[in-house]
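Read through the structure below, which is laid out as structure tokens, and then see the notes.
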Amino acid sequence: NAGVTQTPKFRILKIGQSMTLQCAQDMNHNYMYWYRQDPGMGLKLIYYSVGAGITDKGEVPNGYNVSRSTTEDFPLRLELAAPSQTSVYFCATSRRAQNTEAFFGQGTRLTVV
Amino acid sequence: AQSVTQPDIHITVSEGASLELRCNYSYGATPYLFWYVQSPGQGLQLLLKYFSGDTLVQGIKGFEAEFKRSQSSFNLRKPSVHWSDAAEYFCAVGVHDTGNQFYFGTGTSLTVIP
């Protein structure tokens, strides 16, 4: 099993460009998350989804959009990229249960110039 | 509101020495607690977790952590550090709310010197 797969691994965007970060999981987990990681700030939740067709905002959703049309995929869309969106983005999943951990992808390092 | 505090931004230890990384949390109910490790350029890997029961939990790579409810702490320990333990360590609280929310500390960077 691949687990949680993120693509691309690295990307450089120009200010104002758009892109989609892909996240796919083969763990059959209901819950999926997008986090961003900035130096000294830990991980901040951008958006999450409890199942196909259901998404909700996290702590830092501005400038991002998500969709969840299938259990397996949870893409993160950046519209009009800004330098403040330079970060490392992590997709994660968890089971629909109380006592469960989050499983992480390898991350996408995004630079906006 | 839930929060996780890791008071040590950076720690340096000698190889073979013992290690303790501190974590304090703020949460009204019984927390689910986790320690993750992140090597450079990698994702987060689960070291250990606490849900209930024995307050001393064992994890991978020889790590252990102790839950102390009275101190709202979940400190990570290792008796003898190896050079390969150099990484970033994150403490997290899991909240069974809409979608199992996970709240992370800001991380502690560990350097191991020969």
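The values are calculated or read from the model by the stated rules, or taken from the named source; none is laboratory data. What you see is a predicted model; the values in this text were computed from it and never measured. Reconstructed Cβ throughout: ideal geometry from the backbone, glycine too, with neighbour counts over all protein chains shown. Remember, those area values only see protein heavy atoms, side chains included, never the ligands or the DNA or RNA. Shrake-Rupley method; radii C 1.70, N 1.55, O 1.52, S 1.80 Å.
Got a sec? Which of B:32, B:27, B:36 is out of contact with any Leu (no Cβ under 7 Å at 6 or more places or on another chain), within 10 Å of chain A (Cβ to nearest Cβ) and not charged (D, E, K, R)?
B:32
Look at region B:70-83 and say how many of its residues are out of contact with any Cys (no Cβ under 9 Å at 6 or more places or on another chain) and either in a loop (DSSP other than H, G, I, E, B) or touching a residue at least 12 places away in the same chain (Cβ under 8 Å) (or both).
Qualifying residue count for the region: 9.
I need the full set of residues from region A:76-85 which are of a type in the set (S, T, N, Q) and more than 20 Å from residue A:33 (Cβ to Cβ), in order please.
Of everything in region A:76-85, just one residue is of a type in the set (S, T, N, Q) and more than 20 Å from residue A:33 (Cβ to Cβ), namely A:84.
So, in region B:36-60, of the ones that are open to solvent by 70 Å² or more (accessible area, probe 1.4 Å) and part of a loop (DSSP other than H, G, I, E, B), which residue ends up nearest to residue A:35 (Cα to Cα)?
B:42
Out of the residues in region B:92-101 that are more than 12 Å from the chain's Cα centre (by Cα) and in a strand (DSSP E or B), state the one that is surrounded by the most Cβ atoms within 10 Å (Cβ to Cβ).
So, considering only residues that are more than 12 Å from the chain's Cα centre (by Cα) and in a strand (DSSP E or B), the one surrounded by the most Cβ atoms within 10 Å (Cβ to Cβ) is B:94.
Return the only residue of B:104, B:63 being open to solvent by less than 10 Å² (accessible area, probe 1.4 Å) and within 26 Å of residue A:91 (Cα to Cα).
B:63
What are the residue pairs meeting all of these: first residue in region A:64-83, first residue part of a loop (DSSP other than H, G, I, E, B), second residue open to solvent by 70 Å² or more (accessible area, probe 1.4 Å), Cβ atoms under 6 Å, and 6 or more apart or on different chains?
So the pair list comes out as A:75/A:22; A:81/A:17.
With the structure loaded, tell me whether residue A:17 is in contact (Cβ under 8 Å) with a residue 24 or more places away in the chain, out of contact with any helix residue (DSSP H, G or I) (no Cβ under 8 Å at 6 or more places or on another chain) and either part of a strand (DSSP E or B) or open to solvent by less than 30 Å² (accessible area, probe 1.4 Å) (or both) or whether it fails that test.
no
Taking residue A:48 as the residue in question, decide whether it is surrounded by 18 or more Cβ atoms within 10 Å (Cβ to Cβ) and touching a residue at least 60 places away in the same chain (Cβ under 8 Å).
For residue A:48, the condition - surrounded by 18 or more Cβ atoms within 10 Å (Cβ to Cβ) and touching a residue at least 60 places away in the same chain (Cβ under 8 Å) - is not met.
Quick grid of which residues meet (1) touching a Cys at 6+ places or on another chain (Cβ under 6 Å); (2) within 8 Å of chain B (Cβ to nearest Cβ); (3) open to solvent by 20 Å² or more (accessible area, probe 1.4 Å):
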position	(1), (2), (3)
A:52	no, no, yes
A:56	no, yes, yes
A:69	no, no, yes
A:77	no, no, yes
A:83	no, no, yes
A:91	yes, no, no
A:98	no, yes, yes
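If residue B:89 satisfies all but one of (1) open to solvent by less than 10 Å² (accessible area, probe 1.4 Å); (2) without any contact (Cβ under 8 Å) to a residue 60 or more places away in the chain; (3) within 20 Å of residue B:26 (Cβ to Cβ), what's the number of the condition it fails?
(2)
Which residue pairs have Cβ atoms closer than 9 Å, lie 6 or more positions apart in sequence or on different chains, and pair a first residue in region B:16-35 that is in a strand (DSSP E or B) with a second residue that is of a type in the set (Asp, Glu)?
B:19/B:85; B:21/B:8; B:32/A:101; B:34/A:101
Of all residues being under 15 Å from the mean Cα position of the chain (by Cα) and surrounded by fewer than 15 Cβ atoms within 10 Å (Cβ to Cβ) in region B:19-35, which is nearest to residue B:80 (Cα to Cα)? Just the residue, please.
B:20
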